[in-house]
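In what follows, a single structure is set out as structure tokens and then discussed.
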Amino acid sequence: MKGNFTIFAGTANPQLAAGVARSLGVQLGACTVERFPDGEISVRIKEPVRGREVFILQPTSPPVNDHLVELLAFADACRRASAAQLTAVVPYFGYARSDKRENRREPIMASLVAGLMQTVGVNHVVTIDLHASQIEGFFHIPVDSLTTAPLLAQALTQRLPDKLAVVSPDAGRVRMATEYGRRLGAPLVVLHKRRESGTETEVTHLVGDVRDRACLIVDDMISTGGTIVESVEALRTAGARKEIIVVATHGLLLTGARDKLTRAGVSEICVTDTVAVSEPDWPQLRIVSVAPLLAAALRRFLADRSLSDLC
Ligand code: R5P
């Protein structure tokens, strides 16, 4: 492994960055981030990066725009200070859901974000369970999207009820849910979801059989919790047992999500720490760290080794 590298942590998830650095046996790079009263951000890199391979760890989680600008500021500072290689490690990629135009006269925000990262000199992006794999096409630099399915399926495997169905809450998650089904030996059920707005969804169809089965709903993110609540209702109406477990990579868990999921009677929610956890004292919430996964990926970049079993 090359030794000539530095990892900087933005303010979005310093605990995760510390976990990655610990796994690699290094200290995080010295830097400060300040927010001025008018909302502007000031980033200072406090050690030389000339000729070094730099990793900037910053999920663009809420507040998305602040965390994104901070990441861009880090990258700009490192490029101007002559870093040799700049990798943005973005465990949660904000704006990923805006990957196409639903209507005319709309932006494609994921493409805009890709353009911004490349403009400031990022030349490699590492992310986790990217919402839609075609987002990679917005970049002309390498993008590695790591998968958490092996990690999370392994974490769940001892605790799952018998006679389980794995549920994809919409068409976009079929591939991910199929992978969980394969790993857990459970049949797949697919829901068709119509999104009415950013906070409202409706399940219109259910494909598969959930009668007398416990369900594991698989999603890439829980934001408001609306998708999960609608899915739970549809599964119960179709005769599912009361044990419903949810596994999702990115636990954004915005205000109100906890109440919704609790009212829906979800038995367990398993997420990773790609996004800093906002609800640490929630008994039904289980958090699995992606620090070892990211550290394994970084080790391979630094040794020019293949990543294929992590993606
Ligand atoms: C949608 O396509 C995503 O995969 C998630 O299902 C969705 O973004 C979750 O958001 P919410 O929790 O607000 O329904």
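The values are calculated or read from the model by the stated rules, or taken from the named source; none is laboratory data. Here the structure is a predicted model, which means the values were calculated and not measured. Heads up, the Cβs are rebuilt from the backbone with ideal geometry, glycines too, and the neighbour counts pull from every protein chain shown. Remember, those area values only see protein heavy atoms, side chains included, never the ligands or the DNA or RNA. Shrake-Rupley method; radii C 1.70, N 1.55, O 1.52, S 1.80 Å.
Annotations for the structure displayed:
- Within the stretch 5-32, the residues that satisfy the criterion of being under 20 Å from Asn65 (Cβ atoms) and open to solvent by 50 Å² or more (accessible area, probe 1.4 Å) are Thr11, Pro14.
- Of residues in the stretch 239-291 being touching a Leu at 6+ places or on another chain (Cβ under 6 Å) and of a type in the set (Asp, Glu), the one nearest to Ala12 (Cα to Cα): Asp273
- Number of residues in the stretch 5-43 that are in a loop (DSSP other than H, G, I, E, B) and without any contact (Cβ under 8 Å) to a residue 60 or more places away in the chain equals 12.
- Listed by first and then second residue, the pairs linking a residue in the stretch 228-249 that is at positive phi to a residue that is acidic (Asp, Glu) and open to solvent by 20 Å² or more (accessible area, probe 1.4 Å), with Cβ atoms under 9 Å apart and 6 or more places separating them unless they lie on different chains, are Gly239/Asp209; Gly239/Asp212.
- Summed over the stretch 264-311, the residues that are modelled with pLDDT under 95 and within 13 Å of the chain's Cα centre (by Cα) give a count of 1.
- Where a residue in the stretch 121-143 is touching a residue at least 12 places away in the same chain (Cβ under 8 Å) and its partner, wherever it lies, is open to solvent by 60 Å² or more (accessible area, probe 1.4 Å) and not in a loop (DSSP other than H, G, I, E, B), with Cβ under 6 Å and at least six apart: Gly121/Arg79; Val143/Glu136
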